[in-house]
Amino acid sequence: SSAISQLSLLSNPNLSLLDSDVKIVEGSKDYPVIIVVVGASGDLAHKKTLPALFSLYYHDMLPHQFAVVGYARSKLDREKFHDVVRSHLVCRITDRDTCERKTAAFLDRCFYFSGQYHDREDWRKFHEWLTEEIEWPMIHKQQQRLIGANGDGGGGGGDVQTERVPGRLFYLAIPPSVFADTLGGISSEAMAPESRGAWTRVIVEKPFGRDTESYEALRDVVSSCFTEDAVYRIDHYVGKPLVANLTTLRLGNFVFDVLWNRHCVESVQVVFKEDFGAEGRAGYFDSYGIVRDIMQNHLLQMMSIVAMDPPASPMAADINEAKVKLLRDMRPLRAKDFVIGQYDRYRAEQGVPPGSTTPTFAACVVQIDNERWRGVPFVMSAGKALDEKKVYVKVTFRETPNHSFVPEELQDRRNSIYIEIQPRPAVELSFISKVPGLTGRVVPTKLDLVYNESFVEEARDMPDAYERLILDAIVGDRTLFISDEQISRAWSIFDPALKEMESAPPMQPALYAYGSPGPILPETLIKKFLAGKM
Ligand code: NDP
Ligand code: BG6
């Protein structure tokens, strides 16, 4: 049927939203969806997933017919679930009345089911409940619309030609320890009826394992339950507006495109700074550490976008190919490439074992063995409990060979492009300029694009990364999700260093004061590298 062929269009792994977001989203609105948030009682669901779904709803981006279903062990009734969800929803721009109306309408579509993750019988009951209580009413509404085709008989909106069975999107907001049971339960008991044209997709959160072995074990479980095109591995940094713009910035602008190589670039920094520690998450954080929590995924993804060769097209498959090639060209890291640190109060935090050597700060130099980047240091730096909250990429160009126009004593003689991902999205190009007047004085200056000032309307209501990514998963766009191959390559880059750092006796992190800049600045690491001291 046409519904099925259009559904397969929507699950096309090569579909890309890059140029035509709105058109494709509009086209997909007639496909009903049930979004199941597994672990709906938890931190991620409350802070990110449910607010993102609400925001998509009030911006009218979700399908006309949708339902949000929480699944977790906690014994909540629907009313209690609504209370919890309501307390986390934020209307970014709408006025108070509209906000209240939209909140009530959203909660009307929110349901809750209490079940165990490992119990197949619970998943079977869930499937029955979902089919009868949520799916049938959605289909029934469509039937009513079809019968009264000329009037607005059934609500829900949309130009429905034929009845459609809702797709099921499972968002796994649960600890990795229960991934396998949950995936097994869903795949054996709770799949949407494929024979009637309905799809099932799962969104899986990082961390994707702790090393190659554990990742491969997880991958085996996932692939025994789902085909690759049904699995959406999320790294929310890839969905951040400024990260999504990195590709356009470097490949859509001739002036940057021609400079993007070792002949012109001296160094690249990819930096993550947080001004709070692992408070309240020590149980998870202490067994992962900053390298696995931030570097192996968020920073490596940003770096891949900055450094990959131009993909053949903006299609998901081509972007993936370009990233995988780049990851293959990166030299595996060793302990000697790292400086690690730990903030002074970390060991006193609840849940941190005495004498823990888990790094809360790490900086390293990554080298890329290809024609474009050979010899250029890429510094990744990530730290918790530092002096500020900031994430940025900085590309520094080589010094101009013509010193007659730029005095040698001038600090910051090099041009650079600074891209602030958060908290103040901006792009700054630094360059040297003569001060107007009769003197010959030259100074470093900046041309900047500050999102809040240049895109006033859009920046006021900038979507959270999770909104973008959940919407992409609903319409079947895999462009911003992480492939299995990317994760395997990422572990093979970090595994050797992690093994060396963690084998007895473990590498000791340098202590740094909570709220300080950390044990080393990226610039210092670059200088050491360029001076051949690393
Ligand atoms: P939580 O610890 O809040 O766990 C989510 C839910 O899972 C809990 O409400 C609980 O629900 C259930 N749960 C917790 N521990 C166990 C356990 N040992 N066995 C079985 N069920 C358990 O985790 P988060 O929400 O913080 O994180 C969920 C996932 O998202 C993780 O993979 C995490 O790494 C990832 N993530 C989290 C981020 C965040 O900001 N929180 C950011 C990025 C990724 P119940 O008891 O009701 O079943
Ligand atoms: C998560 C990490 O993936 O990203 C956290 O587990 C970190 O440790 C968080 O705080 C940062 O995300 P954001 O979007 O707040 O910068």
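Against the definition (surrounded by 22 or more Cβ atoms within 10 Å (Cβ to Cβ) and over 19 Å from Lys390 (Cβ atoms)), how does Ile294 come out, yes or no? Answer is no for this residue. Taken over segment 193-205, the criterion of being part of a loop (DSSP other than H, G, I, E, B) and surrounded by 20 or more Cβ atoms within 10 Å (Cβ to Cβ) is satisfied by Gly197, Ala198, Trp199. Every condition in (1) more than 27 Å from Pro505 (Cα to Cα); (2) touching a residue at least 24 places away in the same chain (Cβ under 8 Å); (3) part of a strand (DSSP E or B) holds for Gln342 except the one numbered (1).
Gly283 falls short on exactly one of the conditions (1) in contact with a helix residue (DSSP H, G or I) (Cβ under 8 Å, 6 or more places away or on another chain); (2) within 16 Å of ligand 1 (Cβ to nearest atom); (3) over 10 Å from Gln486 (Cα atoms), and that condition is (1). All conditions but one from (1) more than 15 Å from the chain's Cα centre (by Cα); (2) outside any loop (DSSP other than H, G, I, E, B) apply to Ile294; the one that does not is (1). Filtered by the rule that a residue be away from ligand 2 (no atom under 16 Å from the Cβ), of a type outside the set (Asp, Glu), in contact with a Phe, Trp or Tyr (Cβ under 7 Å, 6 or more places away or on another chain) and assigned to a strand (DSSP E or B), segment 264-291 gives Val265, Val268. Scanning segment 66-86 for residues that are in contact with a helix residue (DSSP H, G or I) (Cβ under 8 Å, 6 or more places away or on another chain) and in a helix (DSSP H, G or I) returns His82, Val84, Val85, Arg86.
Would you confirm, using the coordinates I've provided, whether His140 is more than 17 Å from Ser74 (Cα to Cα) and modelled with pLDDT under 95? Criteria met by His140.
Scanning segment 45-65 for residues that are in contact with an Asp or Glu (Cβ under 6 Å, 6 or more places away or on another chain) and either more than 16 Å from ligand 2 (Cβ to nearest atom) or in a strand (DSSP E or B) (or both) gives a single hit, Leu56.
Looking for something of a type outside the set (A, V, I, L, M, F, W, C) and part of a loop (DSSP other than H, G, I, E, B) - is there at least one such residue anywhere in segment 101-111? Looking for residues that are of a type outside the set (A, V, I, L, M, F, W, C) and part of a loop (DSSP other than H, G, I, E, B), one finds at least one in segment 101-111, hence yes. In the set Tyr466, Tyr451, only one residue is modelled with pLDDT under 95, farther than 30 Å from Phe338 by Cβ and aromatic (Phe, Trp, Tyr); that residue is Tyr451. State which residue is nearest to Trp491 (Cα to Cα) when the search covers only segment 163-192 and only residues that are surrounded by fewer than 20 Cβ atoms within 10 Å (Cβ to Cβ) and either modelled with pLDDT under 95 or touching an Asp or Glu at 6+ places or on another chain (Cβ under 9 Å) (or both). Once the filter is applied, the top-ranked residue is Pro176. Across segment 162-211, the qualifying residues are those that are in contact with a Ser or Thr (Cβ under 7 Å, 6 or more places away or on another chain) and farther than 22 Å from Asp477 by Cβ, and the one among them that is farthest from ligand 2 (Cβ to nearest atom) is Thr162. Looking at (1) modelled with pLDDT under 90; (2) more than 16 Å from ligand 2 (Cβ to nearest atom), which is the only condition Val90 fails? With respect to (1) modelled with pLDDT under 90; (2) more than 16 Å from ligand 2 (Cβ to nearest atom), Val90 is out only on (2). Across segment 231-243, a minimum of one residue is classified as out of contact with any strand residue (DSSP E or B) (no Cβ under 8 Å at 6 or more places or on another chain), more than 15 Å from ligand 1 (Cβ to nearest atom) and at pLDDT below 95.
Restricting attention to segment 382-397, the residues that are under 16 Å from Tyr514 (Cα atoms) and away from ligand 1 (no atom under 16 Å from the Cβ) total 6.
Within segment 85-109, the set of residues being surrounded by 19 or more Cβ atoms within 10 Å (Cβ to Cβ) and within 16 Å of ligand 1 (Cβ to nearest atom) comprises just one member, Val85.
Here the condition is being under 30 Å from Ala278 (Cβ atoms) and surrounded by fewer than 20 Cβ atoms within 10 Å (Cβ to Cβ); of Lys384, Lys390, it holds for Lys390 alone. Exactly one residue out of Val456, Val443, Val475, Val427 is over 26 Å from the mean Cα position of the chain (by Cα) and aliphatic (A, V, I, L, M), and it is Val443. Quick test of your reading of the structure: Asn261 fulfils all but one of (1) more than 11 Å from ligand 2 (Cβ to nearest atom); (2) crowded, with 23+ Cβ neighbours inside 10 Å. Name the failing condition by number. The failed condition is (2). The number of residues in segment 425-447 being surrounded by 14 or more Cβ atoms within 10 Å (Cβ to Cβ) and closer than 25 Å to Asp387 by Cβ comes to 6.
Scanning segment 214-238 for residues that are charged (D, E, K, R) and either assigned to a loop (DSSP other than H, G, I, E, B) or more than 26 Å from Ile305 (Cα to Cα) (or both) turns up Asp220, Asp235.
The values are calculated or read from the model by the stated rules, or taken from the named source; none is laboratory data. The shown structure was predicted, so the numbers you read here are calculated from the model rather than taken from an experiment. As a convention, Cβ positions derive from the backbone with ideal geometry for all residues, glycine included, and neighbour counts pool all protein chains shown.
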